[in-house]
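Reviewing the structure listed below.
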Amino acid sequence: MSDTAQLASDAGSRDPAVGLRAVRALRLLVERLEALQVENARTAGWSWQEIALLLGVSRQAVHKKYASGRGLLRREK
């Protein structure tokens, strides 16, 4: 089973320690995937409004999150 599939399975575990660790790992994965796709969209010339619409957030929210210091590694600590 792939790591992602295992995480999805673990997220439904009856053991809270296993489930919560999986949820945290999935959240980090989703944040990285979102950053990657926002960067792809901006590189392709998409507006902040177009990106926001597909993410289901306001233009201001997506702009604030990703506009300064573009790049995938900017938000990692």
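Which members of region 1-50 meet the condition of being among the charged types (D, E, K, R) and more than 15 Å from the chain's Cα centre (by Cα)?
Result: 3, 10, 14, 15, 21, 42, 50.
What pairs come up if the first residue lies in region 49-70 and is without any contact (Cβ under 8 Å) to a residue 24 or more places away in the chain, the second is of a type in the set (S, T, N, Q), and their beta carbons are under 7 Å apart, counting only those six or more places apart or on different chains?
Short answer, once both residue conditions are applied: 52/58; 59/49.
How do the pairs read when you match residues in region 1-26 that are among the charged types (D, E, K, R) with residues anywhere that are part of a helix (DSSP H, G or I), using Cβ under 6 Å and keeping only pairs 6 or more apart or on different chains?
10/18; 10/22
Report, by residue number, each residue of region 34-53 that is assigned to a helix (DSSP H, G or I) and aliphatic (A, V, I, L, M).
Within region 34-53, 35, 36, 38, 41, 51, 52, 53 qualify.
Throughout, read-outs are computed from the coordinates displayed, never taken from laboratory work. On a predicted model such as this, the values are computed, not experimentally measured, just so you know. Reconstructed Cβ throughout: ideal geometry from the backbone, glycine too, with neighbour counts over all protein chains shown.
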